[in-house]
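Since the structure comes first, as C-alpha cells, the remarks are kept for the end.
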Amino acid sequence: LVETKADFLAALHKDLRKSEFEATNSEYVIILDELDYYIRHVHGHNRRRRVPVPVVALPGRAFTQAEAKGPVLVISPFNFPMMLALVPFAAAMACGNPVLLRPSSSTPNSCRYLQ
C-alpha cells in the first residue's frame with residue numbers, strides 16, 4: 001500500500017474526482033493507521049483472558065478465548081471505496097476469518113487497484 005500510493009490516489013481521482021489532499025486524509029491515512037493497529041495487536045485478539053469464577057465453582061479457573069466464526073463478506077460502498085473495503089477486511093483477517101471482498105461496481109478503477 002505504501003509503495004503504490006500514487007496508484008491508490010490516481011484510482012480515487014479517476015473514480016470520484018477526489019483531490020490528493022482529500023484522498024490522503026479521508027482514506028489513505030485511516031487505512032494505514034488501522035492496518036498498523038491490527039498488525040501490532042493481532043496476537044492480543046486471540047489470547048486467552050481469565051475471567052472471575054463464581055464462588056460455587058471455586059477452586060476452578062475460567063477463561064474466554066476469541067475464535068473465528070466463519071467466512072466474512074465485505075461489500076464496499078461507492079463513496080469511500082478503499083477505506084470501507086480494506087478496514088473491515090483487515091479486522092476480519094486479524095480475527096482469523098476468511099474474507100470475500102466485493103468492491104463497488106460504481107468505482108471500476110478502485111476495484112482494479114484492489115485486485
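The values are calculated or read from the model by the stated rules, or taken from the named source; none is laboratory data. Since the structure is predicted, the reported quantities are computational estimates derived from the model, not experimental observations. Neighbour counts are summed over all protein chains in view; Cβ atoms, including those assigned to glycine, are modelled from backbone coordinates with ideal geometry. Side chains are part of the model used for accessible areas, which takes the heavy atoms of the whole protein and leaves out ligands, DNA and RNA. Shrake-Rupley method; radii C 1.70, N 1.55, O 1.52, S 1.80 Å.
Go through the stretch 65-92 and give me each residue that's touching a strand residue (DSSP E or B) at 6+ places or on another chain (Cβ under 6 Å) and either of a type in the set (Ser, Thr, Tyr) or loosely packed, with under 15 Cβ neighbours inside 10 Å (or both). Those that are touching a strand residue (DSSP E or B) at 6+ places or on another chain (Cβ under 6 Å) and either of a type in the set (Ser, Thr, Tyr) or loosely packed, with under 15 Cβ neighbours inside 10 Å (or both): 73, 75. Residues satisfying the criterion are present in the stretch 106-115 (criterion: touching a residue at least 24 places away in the same chain (Cβ under 8 Å), outside any helix (DSSP H, G or I) and open to solvent by less than 70 Å² (accessible area, probe 1.4 Å)).
All told, residue 24 meets the bar of being β-branched (Val, Ile, Thr), open to solvent by less than 30 Å² (accessible area, probe 1.4 Å) and modelled with pLDDT of 90 or more.
Sub-6 Å Cβ pairs linking a first residue in the stretch 10-23 that is touching a residue at least 24 places away in the same chain (Cβ under 8 Å) and under 17 Å from residue 78 (Cβ atoms) to a second residue that is of a type in the set (S, T, N, Q) and assigned to a helix (DSSP H, G or I), at least 6 apart or interchain, are 11/109; 11/110; 14/109; 15/109; 15/110, ordered by first then second residue. Considering the stretch 1-11, the residues that are of a type in the set (A, V, I, L, M, F, W, C) and within 30 Å of residue 96 (Cβ to Cβ) include one that is surrounded by the most Cβ atoms within 10 Å (Cβ to Cβ), namely 11.
Within the stretch 35-64, the set of residues being within 30 Å of residue 84 (Cβ to Cβ) and open to solvent by less than 80 Å² (accessible area, probe 1.4 Å) comprises 35, 36, 38, 41, 42, 44, 45, 46, 64.
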